[in-house]
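Below is one structure, written out as structure tokens; the observations come after it.
The values are calculated or read from the model by the stated rules, or taken from the named source; none is laboratory data. Since the model is a prediction, treat every value here as computed from it, not as a measurement. Counting neighbours? That spans all protein chains shown, and the Cβs are built from the backbone with ideal geometry, glycine included.
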Ligand code: NDP
């Protein structure tokens, strides 16, 4: 028997908030939730990508809304969440997808010794503290509602030996798995599940610009023999958001084509 039922708010469909929804995996998650009948709000920081996403989705204003919000700026996040609550009522699904993975400039020196405190802090801020801010902000209303779904987008780099990603990225994604478990433990008695999706290499703006040699070698490590697609990740997020996934919490689900590090 599936446990939990999505509660609609203000008589309308359930609302989902997706961070980093303007492109890549986040965009496909937005599209998937819209197709599944949710009201979808998403945030990102670059106006051109936000505009392009809205134009391509062509959904009415009572189903789709976007904000220029940096997840590291607590005030911006709070203002946007208030705005959504006033329009649509409580948010029942949160997808923490926004993430950055700065690339290495010099292959010769070990990455850790080249990294400034600022570079380290920025990646931890976006990839780990951003999800914390949003969970802290949205969990109380999910608890009050007796239902909620939180989905964090982690990475294989936080699960296995990181071969391409930097130390800051690997640490942020490993931290996100810890945050997922801690939040799951806290929120389970209140009908709120918290899970992490750990993608391997998925084609997107984050991976596409990598050197051909990097992508060739990444491909050679994937038993299924191809990169994943953003649609496949979105499909998994949609399942985890559904009432059918009510007994899954605190889990990290790999979507890697069979790859698990070196
Ligand atoms: P993209 O670079 O294609 O998209 C990232 C999105 O996050 C963009 O919409 C970007 O918008 C947004 N974003 C970045 N920083 C912020 C911020 N501070 N505040 C709000 N939004 C922000 O990445 P992917 O789609 O590839 O990755 C999505 C998630 O999946 C990330 O968490 C990534 O770590 C993870 N992942 C991706 C893999 C892959 O192979 N692609 C593999 C494993 C994990 P804008 O630039 O406008 O701010």
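Could you tell me whether any residue of the range 191-212 is away from the ligand (no atom under 14 Å from the Cβ), surrounded by fewer than 19 Cβ atoms within 10 Å (Cβ to Cβ) and either under 14 Å from the mean Cα position of the chain (by Cα) or without any contact (Cβ under 8 Å) to a residue 12 or more places away in the chain (or both)? Looking through the range 191-212, at least one residue is away from the ligand (no atom under 14 Å from the Cβ), surrounded by fewer than 19 Cβ atoms within 10 Å (Cβ to Cβ) and either under 14 Å from the mean Cα position of the chain (by Cα) or without any contact (Cβ under 8 Å) to a residue 12 or more places away in the chain (or both). Cβ-Cβ distances below 7 Å connect the following pairs, each with a first residue in the range 229-243 that is more than 11 Å from the ligand (Cβ to nearest atom), a second residue that is assigned to a loop (DSSP other than H, G, I, E, B) and modelled with pLDDT under 95, and a separation of six or more residues or different chains: 243/2; 243/4; 243/5; 243/6. Can you confirm whether the range 39-49 contains a residue that is away from the ligand (no atom under 13 Å from the Cβ), out of contact with any helix residue (DSSP H, G or I) (no Cβ under 6 Å at 6 or more places or on another chain) and touching a residue at least 12 places away in the same chain (Cβ under 8 Å)? Within the range 39-49, not a single residue is away from the ligand (no atom under 13 Å from the Cβ), out of contact with any helix residue (DSSP H, G or I) (no Cβ under 6 Å at 6 or more places or on another chain) and touching a residue at least 12 places away in the same chain (Cβ under 8 Å). Listed conditions (1) in contact with a helix residue (DSSP H, G or I) (Cβ under 6 Å, 6 or more places away or on another chain); (2) part of a loop (DSSP other than H, G, I, E, B); (3) under 25 Å from residue 30 (Cα atoms) are all met by residue 209, apart from (1).
Looking only at strands (runs of 3 or more DSSP E) that lie completely in the range 33-142, which have at least 3 residues being more than 20 Å from the chain's Cα centre (by Cα)? Outline the logic, then answer.
Working: elements: 39-44, 64-68, 93-96.
Here the list is empty.
Filtering 183, 170, 160 for residues that are more than 8 Å from the ligand (Cβ to nearest atom), closer than 21 Å to residue 129 by Cβ and either touching a strand residue (DSSP E or B) at 6+ places or on another chain (Cβ under 6 Å) or assigned to a loop (DSSP other than H, G, I, E, B) (or both) leaves a single hit, 183. Since residue 228 meets every condition but one in (1) over 22 Å from residue 161 (Cα atoms); (2) at pLDDT 95 or above, which condition does it not meet? Result: residue 228 passes all but (1).
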